[in-house]
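The values are calculated or read from the model by the stated rules, or taken from the named source; none is laboratory data. Source: prediction; values computed, not measured. Cβ sites come from the backbone with ideal geometry, for glycine too, and all protein chains shown count toward neighbours.
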Amino acid sequence: MNNSLFLNKTYSRNELKGLLEAILFVKGKSVPTEMLENIFEAKKTEIESLINELNEEYNNRKSGLCIIPVAGGYQLVSNPGYKDELAELFGKRNEAVLPKSCLETLAIIAYKQPISKEEIDKIRGVSSTRSLNSLLALKLINIVGSTEDVVKSPLYSTTERFLEFFRITSLEDLPSIESVEFNKLLESESFYAEEESKEEENNNQVEDSIPFE
């Protein structure tokens with residue numbers, strides 16, 4: 001590799017950890033493991049070893065930072081141990097606020113994907129047009145195909161942004177829909193704003209159709 005970082009310099013173990021930390025900080029979001037492997041010209045196990053050492057150092061000095069696996073990569077985030085203090089100082093993160101109707105729609109898509117709007121509406125009992133438009137705009141879902149019906153309908157699935165939003169590595173990490181963890185997720189005030197009334201949803205059932213892409 002002509003652009004290799006390692007052509008003209010030998011890095012110590014601490015420098016490698018510092019470089020990894022700097023990369024995660026500058027990116028500000030999940031960095032794919034494969035990208036880190038290419039940058040460091042290292043195997044996945046070696047990247048994991050560096051991250052484990054960094055997290056151990058963070059933990060030993062009660063750092064405000066930690067590195068977590070997200071969406072097939074790693075992200076530098078604030079230590080959840082300080083979440084109450086941060087919420088008191090700065091309030092809840094705006095990006096983590098979703099109307100409950102959107103969260104319900106998103107949960108259905110996450111567990112049933114790929115799924116059509118008609119199927120989502122049947123499960124929820126109300127129109128999901130507004131929620132789907134919002135989730136598409138936030139890039140938490142995308143259109144991955146269409147039904148095989150005579151009148152084709154878009155099929156929706158979650159995106160990598162969805163994994164980053166909920167800070168999970170893959171869909172396999174989603175809690176069982178019957179589990180206590182899932183119910184806590186739906187009830188968590190940090191993930192949705194005040195619930196939209198079903199009356200409001202029903203009043204907006206006749207809306208422009210979602211464009212098929």
Exercise. Can we say residue 23 is within 19 Å of residue 170 (Cβ to Cβ) and modelled with pLDDT of 90 or more?
Worked result: no
Exercise. Can you pull out the residues in the stretch 13-57 that are free of Cβ contacts under 8 Å to residues at least 60 places away in the same chain, of a type in the set (Lys, Arg) and under 18 Å from residue 80 (Cβ atoms)?
Worked result: none
For this session: State whether one or more residues within the stretch 4-12 are under 22 Å from residue 57 (Cα atoms), touching a helix residue (DSSP H, G or I) at 6+ places or on another chain (Cβ under 8 Å) and at pLDDT 90 or above.
Result: no
Exercise. Got at least one residue in the stretch 58-81 being farther than 20 Å from residue 167 by Cα and touching a residue at least 40 places away in the same chain (Cβ under 8 Å)?
Worked result: no
Exercise. Taking only pairs six or more apart or across chains, which ones have beta-carbon atoms under 9 Å, a first residue in the stretch 137-157 that is within 18 Å of residue 168 (Cβ to Cβ), and a second residue that is surrounded by fewer than 16 Cβ atoms within 10 Å (Cβ to Cβ) and polar (S, T, N, Q)?
Worked result: 141/113; 157/113
For this session: Would you list the helices (runs of 4 or more DSSP H) that sit entirely within the stretch 1-79 and hold 3 or more residues that are among the β-branched types (Val, Ile, Thr)?
Result: 44-60
